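Asker: Mind looking over this structure? Questions follow.
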Amino acid sequence: MNKNSVVIITGANSGMGKATAIELAKTGAHIVMVCRNQTRGEAALKEVREKTGNEQVTLMLCDLGSQESIRSFCATFKEKYQRLDVLINNAGVILPGRHETTDGFELQFGVNHLGHFLLTNLLLDLMTSSTPARIIVVSSGAHKIGKIHFDDINLTKNYTLWRAYAQSKLANILFTYELARRLEGTGITVNCLHPGAVATSMGINRESGFGTFITRLLKPFFQTPEKGAETIVFLATSSDVSEVSGKYFYQKEEIRSSNRSHDEKLAKNLWIKSEEWTGIN
Ligand SMILES: NC(=O)c1ccc[n+]([C@@H]2O[C@H](COP(=O)([O-])OP(=O)(O)OC[C@H]3O[C@@H](n4cnc5c(N)ncnc54)[C@H](OP(=O)(O)O)[C@@H]3O)[C@@H](O)[C@H]2O)c1
């Protein structure tokens, strides 16, 4: 990574996204902090610039729960930037109670998987002309209890927080592996990771400030966002992984994800359905 590199980080105003922005801004690269809320985004932008002295860090707004917002963001980004070296799909949501995106998808599946599916696909042409380029997908160990519920993808029946979150995080890994197969030989690598248990704003309602019981109870025992971001920064910058693609990492080491996440037929089906749901085919 150098001063001409362009990096996108989604969910860059909080937790590991912000910690990653600070670390990568130290390289002097152009960091585009993609956030959904202007006030929270501007506060984080100010902090990242102050801590790193990098004035090439910028804020762009995008709500990953709105396909219109994603399309508009990508169009504006391509007007402003002629290249994209690193795309970090970090934003994520886990919230008690069933909610839906603007487009009517269950919130966690809609934001964590579908939002990033659409974003990535719309940016691939620019990345292809910027090779070597890297895509990093922040998943979770929670994928291990996940299933893709094709018969009721929006979990209108039997909704639970963990069913929804685990489905979205399994989808992150299936997406990573399928994309890696599709990008073989192009010069774009794509890898995913589990950051560990990290004390961030995950599970905390932005309006009310309330968090899940587990979040509040366990937060003091979790690692810092800076520590949690280490594997993201490693995958974005290390020459050790410049040729590695389609792998799952934890603590900067490649590890094996669940058997289900390696099901190629499942990954292909999810890809085809995701194309339909985002209208990109
Ligand atoms: N913390 C953990 O223990 C843990 C463990 C495993 C995996 N992860 C994964 O790590 C990633 C980062 O999460 P974190 O722990 O750093 O949590 P966080 O502090 O809550 O950060 C999440 C970020 O995602 C953004 N976001 C949420 N919904 C969005 C939307 N619709 N459009 C755009 N941005 C949106 C949030 O923006 P706002 O601030 O505006 O809401 C925030 O910037 C997530 O993918 C999460 O699943 C976390």
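The values are calculated or read from the model by the stated rules, or taken from the named source; none is laboratory data. Quantities reported herein were computed from a predicted structural model and do not represent experimental measurements. Every residue, glycine as well, gets a Cβ built from its backbone with ideal geometry; the counts of neighbours run over all protein chains shown.
Let's see how each residue does on (1) away from the ligand (no atom under 14 Å from the Cβ); (2) under 14 Å from the mean Cα position of the chain (by Cα); (3) among the basic types (Lys, Arg):
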| residue | (1), (2), (3) |
| --- | --- |
| Ile8 | no, yes, no |
| Ala29 | yes, no, no |
| Asn37 | no, no, no |
| Gly41 | no, no, no |
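Asker: Examine the range 259-278 for a residue that is assigned to a helix (DSSP H, G or I) and β-branched (Val, Ile, Thr), and state whether such a residue exists.
Answerer: Checked the range 259-278: at least one residue is assigned to a helix (DSSP H, G or I) and β-branched (Val, Ile, Thr).
Asker: Are any of the residues in the range 82-94 assigned to a helix (DSSP H, G or I), within 11 Å of the ligand (Cβ to nearest atom) and under 19 Å from the mean Cα position of the chain (by Cα)?
Answerer: No, there is no match, as no residue in the range 82-94 is assigned to a helix (DSSP H, G or I), within 11 Å of the ligand (Cβ to nearest atom) and under 19 Å from the mean Cα position of the chain (by Cα).
Asker: Please find, among Thr176, Thr200, Thr189, the residue that is hydroxyl-bearing (Ser, Thr, Tyr) and assigned to a strand (DSSP E or B).
Answerer: Sole residue among the options that is hydroxyl-bearing (Ser, Thr, Tyr) and assigned to a strand (DSSP E or B): Thr189.
Asker: Output the residue which, of all residues in the range 155-191 that are within 15 Å of the ligand (Cβ to nearest atom) and within 21 Å of Leu126 (Cβ to Cβ), is surrounded by the fewest Cβ atoms within 10 Å (Cβ to Cβ).
Answerer: Filtering first and then ranking leaves Asn191.
Asker: Hey, among the residues in the range 50-81 that are away from the ligand (no atom under 16 Å from the Cβ) and either of a type in the set (Gly, Ala, Ser) or surrounded by 19 or more Cβ atoms within 10 Å (Cβ to Cβ) (or both), which one's nearest to Ala29 (Cα to Cα)?
Answerer: Asn54
Asker: For Thr224, indicate whether it is crowded, with 16+ Cβ neighbours inside 10 Å and either over 15 Å from the mean Cα position of the chain (by Cα) or modelled with pLDDT under 85 (or both).
Answerer: Judged against the criteria, Thr224 is not a match.
Asker: Any residue in the range 38-60 that is under 26 Å from Asn154 (Cβ atoms) and at pLDDT 95 or above?
Answerer: No, the range 38-60 contains no residue that is under 26 Å from Asn154 (Cβ atoms) and at pLDDT 95 or above.
Asker: Among the residues of the range 13-47, how many are closer than 24 Å to Ser129 by Cβ and assigned to a loop (DSSP other than H, G, I, E, B)?
Answerer: Summing the residues that are closer than 24 Å to Ser129 by Cβ and assigned to a loop (DSSP other than H, G, I, E, B) in the range 13-47 gives 3.
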